[in-house]
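Inspection log for the structure reproduced underneath, given as structure tokens.
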Amino acid sequence: MQHLEIDNVCASYGKLEVLRDVTLSADKGEVVSLIGPSGSGKSTLLRVLIGLTPLTAGSIHVGGERVDYSNRKNLKKLRGHMAIVFQQYNLFQNMNVLRNVTIAPVKIKKQPRADAENKARELLEKVGMQEKAEAYPDELSGGQQQRVAIARALATNPEILLFDEVTSALDPERVKEVLDTIRSLTDEGITMMIVSHEMAFVREVSTRVAMMDEGRIIEVGPPAQIFEEPQQDRTRDFVSKILSH
Amino acid sequence: MFERLATEAPLFFNIHNLVFIGQAMGRTLGMTLIGCGVGFVFGLLIAVLRQTTGRLLLPLRFVAIAYVEFFRRIPFLVILFIVLFVIEPLMPGTSLFGIATVAVCLLSTAFLSEIIRSGLESVPRAQVEAATILNFNTLQTLTMVVLPQSWRVILPPATAFVVMFIKDTSLASQLGVIELTFAGKILVNRGFSPVLGFGTILVCYFALSYPLSRFAAYLEKRLAAS
Amino acid sequence: MDYTFQFAAVFEELPYLLGGAAITLQIAFVSFWGGAVIGLFGAIAKVYGGGFWRRLASGYVVAFTNTPALVQIFLLYYALPDAGILLEPLTAVLIGLVLNAGAYLTEILRAGVLSVRRSEIEAAQTLGMSGLQIVRYVMLPHIAKTIYAPLSNFFVWLVLGSSLAALFGVEELTGRAINISTVNLRSIETFTVVAMIYVVLTVIASSALALVGRLAFRVKAKVF
Ligand SMILES: Nc1ncnc2c1ncn2[C@@H]1O[C@H](COP(=O)(O)OP(=O)(O)OP(=O)(O)O)[C@@H](O)[C@H]1O
Ligand SMILES: [Mg+2]
């Protein structure tokens, strides 16, 4: 049994079919990366997983249990184990860094504030942001905000962590600090699904890589396969184009 | 004309008249603040209601939209009359001040709900999504994320709106509420010159309205910059 | 309460009320265009004027926007006879509303003029546009876009605000409602119908204005 199983999932925005029969799975602690051209549906797949975009067909199992996205309780439970980090960080602008990280544990999970703050400071240290605990998001650089967003996601102790192009909005120098942060998480047993255009990084951290195109997964395999001997021409094209950049 | 002013002025500004005008000013302010305060609460409810998407609340949303669209298109004077004619037979003891205040509430609810709604809508969807995936419920998202971020968009026009209403309450004089305008009429009827009577009243309105409109302008600048 | 609504008596008077609505619209039109002329000068004085003119325009705007039109008109109506000038009620109301509209429109038009950025005018100059072309192709579209929505909102506001004329005995829509209700004693029904007429009137006005804005200035104005 896989930790996360996506079976024949379809999704659409109005008439536009964005996901067509997507099947993919991740074992516990695995790092699965999604690559593919813009508009191929990578973000949508992550949004479907966490219940921000409805699926129109197919099923998703987490820990062997089918997720019922129309059931509020079920959704709440799912989001208790799963967290997502967005390209645009989406930190709460009206809260400082510490509060961004502690709000969910304190207000939603009802943990004692002191415990939550201790944990938050540990997490901030882990992402290298302990100095900025009192700062507000608009006082931070993109890379710093993104690291806080990662700390916020970790504060809920997720078993599954989704990353959606978390470095795309960042300057080249900032990319490394965020990637280092994610890399440091890969051996903690958290199952991860990472959408990224940083091919060197994908290749290094992933256990498997899935290539998406036009709403379908056209190839899945270990990084060595995808990057060195892709089975599909489309994958070869995409990878070579992106690597030659 | 000026001679008349000069001879009347000392008579006009006696302690009795000043207290009378002061009380009237209090009623003008009272109608405005109570009306807009209540209007803010109901306006917030309507604005939040209009943000919901559930099918269950659809009829309520419809009523809310109809309410807002109607009341923003009816003159305050007409609303005053309708409220008067409806309340008088239903609750005979109601004071005129109370009736006028109800009319203010009805109208300010409609306008303030629009101001609040555009404030709520100014908060990016992504902020709401970030809260949703952290398992915030609707109320928590509203109070912890959306409202704190929309004050800066809501407050300047809301304050400017209160300034508008200070002036609109002058129409309540028609009902017989002894607010500033009616006080002016009474004084003029007692024989004081209209220039003195209404001039003083205008100054009183200005004293209420100007600081508040400066405050609105300040808020606008201050909150837009940050 | 066993009050039975009787609208029939009001509907009989519908033509009379609609005649009042026409007068309401006329008052709003006159106030709007009169105010627009004042507002244009006011805005120019505030943006481009020297110390004196600028202060005069600012003083005018501050004085009129911070006091109720009703009391301003009371002052006009009751004080001018002291100075030997007798005003018809409608004249007094129109003067008051025009002066008021002038103050608000000064602010709206000023915001429009200020919305044109220096850099855009400079860009147009480097493209070799003449002064007139710059006004036509750069400034006016910008100004139209900025002021169109506030202008049409303000017109609606004037339609509603003109109801205060009733208090001076002018027989516009609200005035005629008062006349009818004192005769038929069906006040609630009368004023409800009149309220509906105002709703229809302003919806038509805003739709028409939105249409004009879309066709003439390519401004997407919302009716609701
Ligand atoms: N909210 C939306 N409404 C309508 N269409 C949308 C919406 N979001 C995405 N789409 C469309 O869905 C398709 C898939 O989008 P998605 O964001 O999942 O792609 P992606 O693979 O993440 O691309 P990118 O690399 O550019 O982020 C695209 O064609 C996009 O235009
Ligand atoms: Mg994407």
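The values are calculated or read from the model by the stated rules, or taken from the named source; none is laboratory data. Since we're looking at a predicted model, the values are computed, not measured. Cβ atoms come from the backbone with ideal geometry, glycine included; neighbour counts cover every protein chain shown. Surface accessibility is based on the protein's heavy atoms, side chains included, excluding ligands, DNA and RNA. Shrake-Rupley method; radii C 1.70, N 1.55, O 1.52, S 1.80 Å.
Things worth noting here:
- The set of residues in the stretch B:66-104 that are assigned to a loop (DSSP other than H, G, I, E, B) and closer than 20 Å to C:THR202 by Cα comprises B:ARG72, B:ARG73, B:ILE74, B:PRO75.
- Taking residues in the stretch A:28-40 that are within 14 Å of another protein chain (Cβ to nearest Cβ), and partners anywhere that are within 9 Å of ligand 2 (Cβ to nearest atom) and modelled with pLDDT under 90, not one pair has Cβ atoms closer than 8 Å while being at least 6 places apart or on different chains.
- The residue that is farthest from the other protein chains (Cβ to nearest Cβ), among those in the stretch A:164-215 that are closer than 24 Å to A:SER38 by Cβ, away from ligand 1 (no atom under 16 Å from the Cβ) and part of a strand (DSSP E or B), is A:ARG208.
- Scanning the stretch C:179-197 for residues that are touching a helix residue (DSSP H, G or I) at 6+ places or on another chain (Cβ under 6 Å) and either within 12 Å of chain B (Cβ to nearest Cβ) or surrounded by 19 or more Cβ atoms within 10 Å (Cβ to Cβ) (or both) yields C:ILE180, C:SER181, C:ARG186, C:SER187, C:ILE188, C:GLU189, C:THR190, C:PHE191, C:VAL193, C:VAL194, C:ALA195, C:ILE197.
- Filtered residue count, the stretch A:143-181, keeping only those that are of a type in the set (Asp, Glu), more than 16 Å from ligand 2 (Cβ to nearest atom) and touching a residue at least 60 places away in the same chain (Cβ under 8 Å): 1
- Residue check: A:HIS3 meets all listed conditions (1) more than 16 Å from ligand 1 (Cβ to nearest atom); (2) touching a helix residue (DSSP H, G or I) at 6+ places or on another chain (Cβ under 9 Å); (3) open to solvent by less than 40 Å² (accessible area, probe 1.4 Å) but one, namely (2).
- Candidates A:GLN88, A:GLN93 - the one that is farther than 30 Å from A:ASP233 by Cβ and within 16 Å of ligand 2 (Cβ to nearest atom): A:GLN88
- Considering A:VAL67, A:VAL85, A:VAL62, the condition of being away from ligand 1 (no atom under 16 Å from the Cβ) and either within 11 Å of another protein chain (Cβ to nearest Cβ) or touching a helix residue (DSSP H, G or I) at 6+ places or on another chain (Cβ under 6 Å) (or both) is satisfied by A:VAL67 alone.
- The residues listed here are A:GLY80, A:GLY29, A:GLY51, A:GLY36; of these, the one that is open to solvent by less than 30 Å² (accessible area, probe 1.4 Å) and within 16 Å of ligand 2 (Cβ to nearest atom) is A:GLY36.
- Sole residue being free of Cβ contacts under 8 Å to residues at least 24 places away in the same chain and of a type outside the set (Asp, Glu), chosen from A:ARG66, A:ARG20: A:ARG66
- Selected residue (only one of C:TYR137, C:TYR78 is open to solvent by 50 Å² or more (accessible area, probe 1.4 Å) and in contact with a Pro (Cβ under 7 Å, 6 or more places away or on another chain)): C:TYR78
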